[in-house]
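Participant: Let me give you the structure first, and then I'll get to my questions.
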Amino acid sequence: MTFLRLAALAAAIATTSVASADTIAPSAEALAVARELFAVTFERAGAELNAKAVEHTWPSLEKALRAGNPGIDAAALSELRREFERIRLHKLQDLVKETPAIYARHLSQEDMQNIMAFYRTPAGTRLIKEVPGIVTEIFAVALPGMPAVVAETHQEFLELARQRGYLK
C-alpha cells in the first residue's frame, strides 16, 4: 500500500470541482512557508512510505531479475534495489510537486507555521515517523473494500431515488 494508492483514493473521492477559493494564486510568502511544510511532512514521511512500498514490491522485481539473469549476485541486486527506490522516490516527488501550492491555497501562513511547530515536537516527530505504517495498515483494511463500498453506495442511493419517485 503506497502513497500513490492514497493519491488514487483521494482522486476517486474528489468528484466535485475545485472550489473557487482554490483558484486564487497564493502569495510568494505563503508558497515559501508551504514548501517548508511540505519538506517537514513529505520529505520525512514520503521517503519512509517509498521505502515501505519498495519493500513490498522488491521481491517480485528481484524474482524477475533472477529469472532473466540467474547469475546475478547479491551486490548487484542491492545496488539495483537502491536505484529502484531512488527512481521511485523521484517519480513520487514529481507526482506531488504541486502539494505546497495546495497547502498555500487551503491553509494560512500561521496555520502552516503552527503545523510545522507541532511536527517539530516529540509527538509530531513520532507521528511523522509512524504515519507510513499507519497509512499502510489503514489501506490494507480499507482499499480491498472500496469497490464494494462504491457499488453498494450507488445501489442504495438509486434505490432511495426510486422510493422517492425520482427514478422508475
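Nothing in this text is a laboratory measurement; each read-out follows from the coordinates by a stated rule. It should be emphasised that the depicted structure is a prediction, and the values quoted were computed from it without experimental measurement. Here Cβ is always computed from backbone atoms with ideal geometry, including for glycine, and neighbour counts include all displayed protein chains.
Participant: Which FRET efficiency, nearest 0.05, do A67 and A151 yield, Cβ-Cβ r, R0 41 Å?
Facilitator: FRET efficiency, A67 to A151: 0.65.
Participant: When we measure straight from the Cα of K97, which lysines land under 23 angstrom away, once same-chain ones fewer than 8 places off are left out?
Facilitator: K52, K129
Participant: Also, I was wondering about something else. Can you pull out the trypsin sites (Lys or Arg not before Pro) in region 65-138 whose DSSP state is coil and whose Cβ has at most 12 other Cβ atoms within 10 Å?
Facilitator: Values: sites: R66, R81, R82, R86, R88, K91, K97, R105, R120, R126, K129; in loops: K97, R120.
Here the sparse-neighbourhood loop sites are K97, R120.
Participant: Helix-only estimate, please: 222 nm mean residue ellipticity of the chain, summing -39500 (n - 2.57) across DSSP H runs of length 4 or more and dividing by its residues, to the nearest 500.
Facilitator: -27000 deg cm²/dmol
Participant: Just from the alpha-carbon atoms, what are the Rg and Dmax of region 83-125 in angstroms?
Facilitator: 13.9, 38
Participant: While we're looking at this one, here's another question. What helices in the chain pass both tests, a Cα length along the helix axis of 18 Å or more and a mean Kyte hydropathy of 0.5 or higher, using whole DSSP H runs? Show your work: numbers first, answer last.
Facilitator: On the way: long enough: 28-68 (53 Å, 0.06); 74-95 (31 Å, -0.53); 122-142 (29 Å, 0.82); 146-163 (25 Å, -0.08).
Qualifying helices: 122-142.
Participant: Do any chymotrypsin sites (Phe, Trp or Tyr not before Pro) in region 34-92 lie in a DSSP loop with no more than 16 other beta carbon atoms within 10 Å, and if so, which?
Facilitator: Details: sites: F38, F42, F84; in loops: none.
Sparse-neighbourhood loop chymotrypsin sites (Phe, Trp or Tyr not before Pro): none present.
Participant: If you don't mind, another one. Determine the dipole magnitude for region 58-131: charges of +1 sit on the beta-carbon of Lys and Arg, -1 on that of Asp and Glu, nothing else is charged, the reference point is the Cα centre, and the result goes in debye to the nearest 20.
Facilitator: 120 debye
Participant: For the chain, report the % of Cα-Cα distances exceeding 28 Å.
Facilitator: Values: 6061 of 14028 pairs.
So the portion of pairs separated by more than 28 Å is 43 percent.
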